[in-house]
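Here, each number is a calculation from the coordinates, and none is a lab measurement. Predicted model, so just to flag it, every value in this text is computed and none were measured. Neighbour counts run over all protein chains shown; Cβ positions are idealised from the backbone, glycine included.
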Amino acid sequence: MNLPDKQKKILAEFLEGLKKIYKENLISVILYGSAVAGGFSRIFSNLNLLVIMKDVSLSVLVKCDKLIRRYPGIQALFFTPEYIYSSLDTFPIEFLDIKDSYRVLYGEDILKDLNIDAKNLRFQCEHELKIKLVGLRHIYLKIHRSRHALAFALSSSFTSLLHILRNVLRIKGRQPPTKKEEILEELSSEFDIDLDIWGRLFKLKQGKLRLNRNELETLYIDFIRDLENLVEAIDKL
């Protein structure tokens, strides 16, 4: 883990706290996300943990309430193994993302042998993309006269859409990259997407591109058209 010493100390203290509180009920503690993959920011990033236990009833979870409040920079999800196994068909994107970058801090590696069905992954990708598309269409009439609102809608949708589309590459049998530019390149090799549109969105998100209202509206319309074509292609997979 390429983490600052302060975050390493926080993790160690939190782990010891969990072990003291839950003893034999604790199966494993797994760190995932930017703290493992890289790109961790002391200002913007959380320490994301999966805490796997035999029993996660509320009367059990409340025992670590003081520990959780003591370390607000830690975002812990508490699961039983059974809950994870039964949720792979519902949250394939989330569990595949976790499997990409994780480290077992304590106990069993229950993620190692998780098997995600590609059909469930395709269904979730299509479902979430269509929801995003409906939302972007819905707000267009309300915001198309506002430069600020158009810029915000485009910028805020870019990252979440790219996160979903990164997982679409898995459906095509590819191990998706993590860098946004590389994800776009991979997508363009598998689907007929307009790289100029997506590249301009990326620059807008980064604050490297400033457009007037008319230019933003044109980009918004072109983006929706390209996204519609992409969703149609994914629907046929």
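Counting only residues 5 or more places away or on other chains, whose amide H sits under 5 Å from the amide H of PHE78 once H atoms are built in the peptide plane?
The answer is VAL51.
Given springs between every Cα pair under 10 Å in a Gaussian network model of the chain, which of ASP192, ASP113, ASP89 has the largest fluctuation?
ASP113
One-quarter of the Cα convex hull surface for the range 5-107, in nm²? Mind showing how you got there, number by number?
On the way: hull surface 26.5 nm².
For the Cα atoms of the range 5-107, the hull's average projected area reads 6.6 nm².
Determine which lysines satisfy two conditions relative to LYS9: a Cα distance under 21 Å, and not lying fewer than 8 residues away in the same chain.
In chain and number order, the partners are LYS19, LYS20, LYS23, LYS66.
Short version: ³J(HN,Hα) in whole Hz for each residue of the range 159-173, in order, from phi by Karplus 6.51 cos²θ - 1.76 cosθ + 1.60 (θ = phi - 60°), x for Gly and Pro, what are they?
5, 5, 5, 5, 4, 5, 5, 4, 7, 4, 4, 5, 4, 7, x
How long are the semi-axes of the equivalent ellipsoid of the range 139-178, taking √(5λ) for every eigenvalue λ of the Cα gyration tensor, in whole Å from largest down?
Calculated on Cα positions only, the semi-axes equal 30, 9, 5 Å.
Give LYS172/LYS208; LYS99/LYS208; LYS6/LYS54; LYS99/LYS179; LYS119/LYS180 a once-over and call out the pairs whose C-alpha atoms are over 27 Å from each other. Present the calculation step by step, with values, prior to reporting the outcome.
Values: LYS172/LYS208 32 Å; LYS99/LYS208 32 Å; LYS6/LYS54 30 Å; LYS99/LYS179 17 Å; LYS119/LYS180 25 Å.
Distance filter (> 27 Å) returns LYS172/LYS208; LYS99/LYS208; LYS6/LYS54.
Could you work out the Rg to Rh ratio of the chain, with Rh taken as the Kirkwood radius (inverse of the mean 1/r over all Cα pairs)?
A ratio of 1.03.
Quick one: which residues, 5+ away or cross-chain, put their amide H under 5 Å from the amide H of ILE193? H built at 1.01 Å from N.
Close amide H contacts, sequence-distant or interchain: none at all.
Mind giving me the FRET efficiency for LYS203 and LYS99? R0 is 25 Å, r the Cβ-Cβ distance, nearest 0.05 is fine.
0.20
By how many nm would the segment from ARG145 to THR218 grow when fully extended, if each residue of separation counts as 0.36 nm and the alpha-carbon distance is taken off?
Full extension from ARG145 to THR218 adds 25.1 nm.
Let me know the volume per residue of the alpha-carbon convex hull for the range 109-237, in Å³.
So the per-residue hull volume is 115 Å³.
If amide H atoms are built 1.01 Å from N in the plane of the peptide, which residues on other chains or at least 5 residues away come under 5 Å of the amide H of TYR102?
The list, which skips near neighbours in sequence, is empty: none.
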